């Protein structure tokens with residue numbers, strides 16, 4: 001008999017994710033993993049898990065679950081989802097001790113669209129290439145390489161959650177939201193005119209297109225001007241790369257992006273800003289600011305320090 005969470009219903013985009021596959025890009029395997037890795041790590045910290053423990057990721061839509069183990073401890077963090085326990089509003093960014101038969105409900109999000117449900121001890125899953133992250137296009141990881149569906153039961157490693165003081169992350173400790181994203185120009189910035197670079201950095205904000213997904217965020221609003229026809233020999237790409245196809249409208253590659261691409265890259269969003277970018281829904285406005293590699297490294301160190309000190313920021317609840 002399985003002990004864990006029974007999926008009653010789940011919207012498209014509800015998947016198992018961790019921090020992704022590392023070391024396989026040279027074989028054409030994308031890293032995948034959480035769209036907002038910071039939120040996933042916060043959810044895990046709240047229930048005492050290692051940061052890379054697989055969680056359930058929600059993208060815009062939600063899901064309903066029934067607890068089938070004797071008890072479990074969970075925490076939901078990220079986005080502006082509606083979160084309820086047995087039909088009553090439940091606190092987000094707070095660990096909860098649940099009993100067999102309890103119903104967890106995650107409603108839809110509007111302005112911040114990625115959320116993560118962590119369970120103490122994690123789920124019983126078989127890693128693929130060192131990760132449980134779901135990449136649906138190649139059917140890797142998660143549960144059968146696919147999004148979660150009603151009727152599936154997720155077995156938990158911890159069959160009965162121990163009693164302890166519950167923890168909460170105060171709102172004051174949340175990373176600050178941003179709409180101005182820091183980028184490193186290049187590696188093909190020389191393929192664009194001075195006007196093209198100026199349009200990218202100094203024009204009014206771009207808008208995230210409705211056809212955006214976990215592979216890439218398509219941007220509309222301004223056309224970036226090339227030098228020549230804009231074609232290049234395909235070369236490596238990573239999440240954060242901003243490609244500019246023939247249309248002149250940029251596309252920011254995200255967690256499920258391929259490993260190579262043939263469009264010139266005007267810039268790359270620094271890694272520390274990708275979590276906030278992933279939270280934005282279609283229709284949101286974004287703009288860009290060029291920074292130095294040194295500034296990007298400083299931002300990375302600051303984020304890593306914040307995560308290292310995260311357990312100290314949690315508040316024990318009576």
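Which distance in nm do the two modelled labels at residue 137 and residue 213 give, with both placed 7 Å along the Cα-to-Cβ direction?
Between residue 137 and residue 213, the label points sit 0.8 nm apart.
Can you tell me which of 11-21, 284-294 comes out highest on packing, and rank the rest after it, using the mean Cβ neighbours within 10 Å?
Listed from highest to lowest mean packing, they are 11-21, 284-294.
Enter the mean projected area of the convex hull around the alpha-carbon atoms of segment 69-129, in nm², rounded to one decimal.
On the way: hull surface 20.8 nm².
Average of the hull's projected areas for segment 69-129 equals 5.2 nm².
Under 16 Å from a point placed 7 Å out from the Cα of residue 189 along the Cα-to-Cβ direction: which residues of segment 252-286 have their backbone N that close?
Answer for segment 252-286: 264-271.
What order do you get for 160, 276 when you list them from fewest to most C-beta neighbours inside 10 Å? Spell out each step's value before the answer.
Details: 160 13, 276 20.
In increasing order of surrounding Cβ atoms, one gets 160, 276.
So how do 314, 253 line up by other beta-carbon neighbours within 10 Å, fewest first?
Ordered by Cβ neighbours within 10 Å, fewest first: 314, 253.
If each residue of separation counts as 0.36 nm, what is the full-extension length gain between residue 100 and residue 309 once their alpha-carbon separation is subtracted?
71.9 nm
Report the semi-axes of the equivalent ellipsoid for the chain in whole Å, largest first, where each axis is √(5λ) for an eigenvalue λ of the Cα gyration tensor.
Sorted largest first and rounded, they come to 37, 20, 17 Å.
Apply 1/(1 + (r/R0)^6) to the Cβ-Cβ distance of residue 249 and residue 271, taking R0 = 35 Å, and write down the FRET efficiency to the nearest 0.05. Spell out each step's value before the answer.
On the way: r = 24 Å, r/R0 = 0.67.
Efficiency computed from Cβ-Cβ geometry: 0.90.
Taking neighbour Cβ counts within 10 Å as the exposure measure, how do 93, 271 sort from fewest upward?
By the 10 Å Cβ count, ascending, the order reads 271, 93.
Could you tell me what a quarter of the Cα convex hull surface of segment 180-307 works out to, in nm² with one decimal place?
About 7.4 nm², averaged over all directions.
Once you have the Cα-Cα distance between residue 231 and residue 180, take 0.36 nm times their residue separation minus that, and quote the gain in nm to one decimal.
The span from residue 231 to residue 180 would gain 15.5 nm if fully extended.
Mind giving me the FRET efficiency for residue 153 and residue 24? R0 is 25 Å, r the Cβ-Cβ distance, nearest 0.05 is fine.
0.25
Return the FRET efficiency for the residue pair residue 298, residue 172: r is the Cβ-Cβ distance, R0 is 22 Å, and the value is rounded to the nearest 0.05. Each step should come with its number before you reach the end.
Working: r = 23 Å, r/R0 = 1.03.
E between residue 298 and residue 172, to the nearest 0.05, is 0.45.
When the Debye formula is applied to the Cα atoms of segment 4-166, each taken as the same point scatterer, what base-10 log of I(q)/I(0) results at q = 0.20 Å⁻¹?
The Debye formula, applied to the Cα set alone, gives -1.33.
Could you pull the Cα extents of segment 105-144 along its three principal axes, largest to smallest, in whole Å?
Taking the Cα atoms of segment 105-144, the three principal extents are 34, 28, 15 Å.
Considering only DSSP beta bridges where both residues belong to the chain, give the percentage that are antiparallel (nearest 5).
Values: 57 of 61 bridges.
Percentage antiparallel, nearest 5: 95.
Here, each number is a calculation from the coordinates, and none is a lab measurement. Note that the structure is a prediction, hence the values are computed from the model and not measured. Note that we place each Cβ from the backbone using ideal geometry, even for glycine, and neighbour counts take in every protein chain shown.
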